[in-house]
Amino acid sequence: MKRPFLLLFCLISLAVRGQNVQPVLFTASKPVSVKPLEKLAVASAKGSYMKVYDGNGRQYALLPLHGLTEFVVGGALGRQMLKVFNSKGQITDTASFFVDASTDIDDGGYYKRMFHLFYNGMFADEKSGVSSIHWNGNQYDVFVPWVLDNFHTMKGKQYFLPNARELIDIMRQAQRADGMIYSFVQYMQNADYFLTRDKAYGYSKRIGDRVFVRQPTENHPEYIYVNTIYNCWKSEGDDEWMKRNLGSAAKALDYTVNDPARWSRRFQLLKRVYTIDSWDFEVDD
């Protein structure tokens, strides 16, 4: 049976500042690549209505067919499907197209240059944007192996890379029994210094084949840990991953108000020692 001739039109250019530009024409056999919120249209479709499915197979459009049927591209990225149905609900034609997106700012000048300056700055130290931590036979890709730095680096990199959550996966497994979160996971060759420094206080510990260190002066790892969990969930929407972290997050916050090293009963506030910076500097060990 000869396949009906289904046409997809890319209507993106028609909506740009009222310009009278001819739409780009695609046949069903020619790959179409578009961005979310751009418009596609169908012509020469033999059927009564059409459905559009996103990259996860979820239907997000149901439209009756007429001469030129437009729809706004949405849903999950990846290969999307368009199916045409007759009045009996039988499929009469299909077409696929690809949806991809990347974060960008392009005003054709000043702000485009500024955007790329900032973007390149984020990748100055790590060209791939992440560093790998090998722990107990598994590889974890993180922005930075410090809880604090990983969180602040995520503020920019979350729009380009999905790797902030893997440090959470490490720290959740290494969390101390009382809820304390370590400041960082060993990334230097030899971390025995920290084991010696904290021998009397228990702030550093070898867990598996890595040393985990809590800088004694810091009071932020717990709430930064919880903030990172929340931001990862906001950017990825992974409910199951969030559920796995809720107990650990609650335990971390309980630690901050129960350990006298972190909580001032007098002022009912988190406390920290007076140091020469806001994180872990100490003049002498």
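The values are calculated or read from the model by the stated rules, or taken from the named source; none is laboratory data. None of these values were measured; they are calculated from a predicted model. Positions of Cβ are backbone-derived with ideal geometry, glycine not excepted, and every protein chain shown enters the neighbour counts. For accessibility, only protein heavy atoms count, side chains too; no ligands or nucleic acids. Shrake-Rupley method; radii C 1.70, N 1.55, O 1.52, S 1.80 Å.
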**Study point:** Additional length obtainable on full extension of the chain from Asn227 to Asn258, 0.36 nm per residue less Cα span
**Key:** 9.2 nm
Review point. Based solely on its DSSP helices, what 222 nm [θ] is calculated for the chain when runs of n ≥ 4 H residues each add -39,500 (n - 2.57) and the sum is averaged over all residues, nearest 500 deg cm²/dmol?
Key: -8000 deg cm²/dmol
Review point. Going from most exposed to least, what order do Arg272, Arg206 have by accessible area with a 1.4 Å probe?
Key: Arg206, Arg272
Practice item. Using a 1.4 Å probe over the heavy atoms of the protein chains, calculate the carbon and sulfur portion of the accessible area of the range 194-285 as a whole percent. Key: 54
Practice item. Mind checking the range 35-139 for trypsin sites (Lys or Arg not before Pro) that DSSP puts in a loop (not H, G, I, E or B) and that have at most 14 other Cβ atoms within 10 Å? Key: Lys46, Arg58, Lys88, Lys127
Point to revise | For the range 108-206, accessible area per residue (1.4 Å probe, heavy atoms of protein chains only), Å² | key: 56
**Study point:** Kirkwood-Stokes translational diffusion coefficient of the range 139-220, alpha-carbon pairs, 4 °C, 1.567 mPa s, µm²/s
**Key:** 98
Practice item. Return P(r) of the range 137-185 (all Cα-Cα pairs; 10 Å bins starting at 0; whole %; ordered from short to long distances). Key: 27, 52, 19, 1
Review point. Quick one: if the Förster radius is 30 Å, what FRET efficiency do Arg79 and Asp106 give, using the C-beta to C-beta distance and rounding to 0.05?
Key: 0.70
Point to revise | Among Leu68, Met154, Met122 - extreme Cα towards positive end, dipole of the chain, charges at beta-carbon | key: Leu68
Study note, to complete from the structure: Residue separation between Asp239 and Asn138 times 0.36 nm, minus their alpha-carbon distance, gives in nm 34.0 nm
Exercise for review: Quick one: order Arg244, Arg210 from most to least accessible surface, probe 1.4 Å.
Suggested key: Arg244, Arg210
Point to revise | Carbon/sulfur fraction of accessible area - the range 61-109, other protein chains in place, 1.4 Å, % | key: 54
**Study point:** For Trp263, solvent-accessible area (1.4 Å; no DNA, RNA or ligand), Å²
**Key:** 50
Practice item. Using the structure shown, select from Lys157/Lys243; Lys35/Lys127; Lys35/Lys83; Lys83/Lys243; Lys199/Lys271; Lys35/Lys157 the pairs with a Cα to Cα distance greater than 30 angstrom. Key: Lys83/Lys243
Practice item. Can you find, among Pro221, Cys232, Thr196, the residue farthest towards the positive end of the dipole of the chain? Put +1 on the C-beta of Lys and Arg, -1 on that of Asp and Glu. Key: Cys232
Point to revise | Column: log10 I(q)/I(0), Debye, Cα scatterers of the range 47-147, q = 0.15, 0.18 Å⁻¹ | key: -0.80, -0.90
**Study point:** Given (i) 1.40; (ii) 0.93; (iii) 1.20, the label whose value is Cα Rg over 2.2 N^0.38 Å derived from this model
**Key:** (i)
Point to revise | Whole-number percent relative contact order across the chain, with pairs defined as alpha carbons under 8 Å at least 6 apart | key: 11
Exercise for review: Be a star and scan the range 49-66 for residues whose amide nitrogen sits under 20 Å from the point 7 Å along the Cα-to-Cβ vector of Ile91.
Suggested key: 49-65
**Study point:** Global form of the range 184-285, assessed from the alpha-carbon gyration tensor, a/c cut-off 1.5
**Key:** oblate
